[in-house]
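Remarks on the structure that follows.
The values are calculated or read from the model by the stated rules, or taken from the named source; none is laboratory data. Here the structure is a predicted model, which is why all the values come from computation and not from measurement. As a convention, Cβ positions derive from the backbone with ideal geometry for all residues, glycine included, and neighbour counts pool all protein chains shown.
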Amino acid sequence: MGNTGFEELHLSKEIQMAIADMGFEEATPIQIQSIPYMLEGKDVIGQAQTGTGKTAAFGIATLEKIDPENKGIQTVILCPTRELAIQVAEELKKLSKYKKGVEILPIYGGQPIERQIKALKKGVQIIIGTPGRVMDHMRRRTLKMDGVKIVILDEADEMLDMGFREDIETILRKVPKQRQTILFSATMPRTILDLTKKYQNNPQFIKLAHKEMTVPEVEQFYFEVKQQAKPEALSRLVDLYNLKLSLVFCNTKRRVDELVDNLKTRGYLADGLHGDMQQKQRDSVMSRFRRRDIEILVATDVAARGIDVGDIEAVFNYDIPADDEYYVHRIGRTARAGKAGRAFTFVTGKEVYRIRQIQQFTKTKIIAQKVPSVSDVEEIRTNMLLEKVKGTVDAGHLGEYSNLVEKLIQEDYTYLDVAAALLKMVMGEGGKEEAVQMKR
């Protein structure tokens, strides 16, 4: 993985501003390798898994080539499902934030076609659609394809598996021959290669070869969590496992800052690391983390490079990583020097498919678990405290404290009353503050 910033790809100021707003620090390998070819107008075949940054790769290149003065359709992006079409449209809209006059429209089945026709009449330069719905518009003559300069097939192997080959070929025959054709696919079966030979012109082939990487002896779990529930899920797991030192990975700088603020509000000793921080700030945060003055360090992948702290008890993938190799690098920060370690990954919606990919890549099992309830956390904390009490009793040397208890007994309190009151003081009414103290 290179250390290439987007600025080295010679992108427009508008696109660079949008990328900065989205919080991305580093271009992924597929972006580094494919964007220059796409900007040159060359046909491209990209073999890459979901989650490697390919949507941003073809999205950035496409937006750089759109003429905002021309209100006709200039780019057609085909996706296998409406969910992916919506996802791609959302990403392109974020990337086009500062590109004035660029209109993007997802078109898919399940939405009233009249609404799509109305939007198309207003003028759209980029459509992202499922093959069936695109064909439907073509039959109705509501899509004018004569000005199309770029066609992108996203998840091409999945589209063929779903029986869209005939639709795809019909669409490719209807758009001008003088065009740029870009194809992304996780696999390259013969049917895909046949398409590329038939409809692409001397394409550049880019394949992201996965390295064989060993995964450390780490217990690995994943949790299906809604985006807004992630801070609560993280807090419960930290409390449940009584973690004193953990590392949390986020995909963007903005997410790091938001999570740190949330954790501090909840009473945790947390701080963040990301690329916008000065080296002096980063050194200060790392010194405090090594001294255990910070119990939860939240970081981006780029900022976390070089972190070598031996006693990290758990790694959290707050955001699922953009690349399978990142996953291995992240969880390798725990279970150092023969010590036990845990890795927790939060997934939202269709991201659960990425867990399967990561398992195939790492050849390890990531176990599905449910986020513990508040009562689960309280029960475990209670049991841990009782074990600690028993250990203290068994260790002896309680003479001074026994004398204090005897004084209370002489005032007609029972031993049971005194013990229960002490437990209540430690566990009950003091709330989060006492719980934090108890953890230490």
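A few points about this structure:
- When Gly41, Gly109 are checked against the criterion of being within 30 Å of Asp136 (Cα to Cα), in contact with a strand residue (DSSP E or B) (Cβ under 7 Å, 6 or more places away or on another chain) and surrounded by fewer than 15 Cβ atoms within 10 Å (Cβ to Cβ), Gly41 stands alone in meeting it.
- Among residues of the range 6-35 that are in the same structural domain as Glu64 (by TED's automatic domain parsing) and touching a residue at least 12 places away in the same chain (Cβ under 8 Å), those with a beta-carbon under 7 Å from a residue that is buried (at least 22 other Cβ atoms within 10 Å of the Cβ) and among the basic types (Lys, Arg) at least six positions away or on a different chain give the pairs Gly23/Lys253; Glu25/Lys253; Ile30/Lys54.
- Of the criteria (1) part of a helix (DSSP H, G or I); (2) under 27 Å from the mean Cα position of the chain (by Cα), which one Pro106 fails: (1)
- The range 10-31, residues that are surrounded by fewer than 20 Cβ atoms within 10 Å (Cβ to Cβ) and either modelled with pLDDT of 95 or more or over 19 Å from the mean Cα position of the chain (by Cα) (or both): His10, Ser12, Lys13, Glu14, Gln16, Met17
- Neighbours by Cβ (under 9 Å, 6+ apart or cross-chain): first from the range 287-306, in a loop (DSSP other than H, G, I, E, B); second of a type in the set (Gly, Ala, Ser) and at pLDDT 90 or above: Ile294/Ala270; Glu295/Ser246; Glu295/Ala270; Thr300/Gly272; Ala303/Gly272
- Subset of the range 42-80 [at pLDDT below 95, of a type in the set (Ser, Thr, Tyr) and touching a Lys or Arg at 6+ places or on another chain (Cβ under 9 Å)]: Thr50
- Yes/no for Gln74 being polar (S, T, N, Q) and under 23 Å from Gly163 (Cα atoms): no
- Selection from the range 369-407 of residues that are under 30 Å from Thr345 (Cβ atoms), among the hydrophobic types (A, V, I, L, M, F, W, C) and surrounded by fewer than 12 Cβ atoms within 10 Å (Cβ to Cβ): Val374
- One residue stands out among those in the range 146-174 that are in contact (Cβ under 8 Å) with a residue 12 or more places away in the chain and within 15 Å of Asp136 (Cα to Cα): the one that is farthest from the chain's Cα centre (by Cα), which is Lys174.
- Selection of first residues in the range 85-109 that are charged (D, E, K, R) and of second residues that are assigned to a helix (DSSP H, G or I), restricted to Cβ pairs under 6 Å at least 6 apart or on distinct chains, gives the following pairs, ordered by first then second residue: Glu91/Thr55; Glu91/Gly59; Lys94/Met22; Lys97/Ala18; Lys99/Glu14; Lys99/Leu63.
- Sole residue being over 19 Å from Tyr199 (Cα atoms), β-branched (Val, Ile, Thr) and out of contact with any His (no Cβ under 8 Å at 6 or more places or on another chain), chosen from Val148, Val134, Val124: Val124
- Inclusion of Arg354 among residues that are closer than 22 Å to Asp239 by Cα and under 20 Å from the mean Cα position of the chain (by Cα) is not warranted.
So that you can scan it fast, the table gives a plain yes or no per residue for (1) closer than 22 Å to Ala368 by Cβ; (2) more than 15 Å from the chain's Cα centre (by Cα); (3) not basic (Lys, Arg):
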site	(1), (2), (3)
Val238	yes, yes, yes
Val260	no, yes, yes
Asp283	no, yes, yes
Arg292	no, yes, no
Glu295	no, yes, yes
Val315	yes, no, yes
Pro321	yes, no, yes
Gly341	yes, yes, yes
Phe346	yes, no, yes
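- Scanning the range 83-101 for residues that are part of a loop (DSSP other than H, G, I, E, B) and either touching a strand residue (DSSP E or B) at 6+ places or on another chain (Cβ under 7 Å) or surrounded by fewer than 14 Cβ atoms within 10 Å (Cβ to Cβ) (or both) yields Ser96, Lys100, Gly101.
- Residue in the range 330-338 that is surrounded by fewer than 21 Cβ atoms within 10 Å (Cβ to Cβ), touching a Lys or Arg at 6+ places or on another chain (Cβ under 9 Å) and modelled with pLDDT of 85 or more present: no
- Residue match in the range 233-241 (condition: within 24 Å of Glu26 (Cβ to Cβ) and aromatic (Phe, Trp, Tyr)): no
- When Ala303 is tested against the conditions (1) out of contact with any Leu (no Cβ under 8 Å at 6 or more places or on another chain); (2) farther than 18 Å from Phe344 by Cβ, the lone failure is (1).
- Arg266 of a type in the set (D, E, K, R) and either in contact with a Phe, Trp or Tyr (Cβ under 8 Å, 6 or more places away or on another chain) or crowded, with 19+ Cβ neighbours inside 10 Å (or both): no
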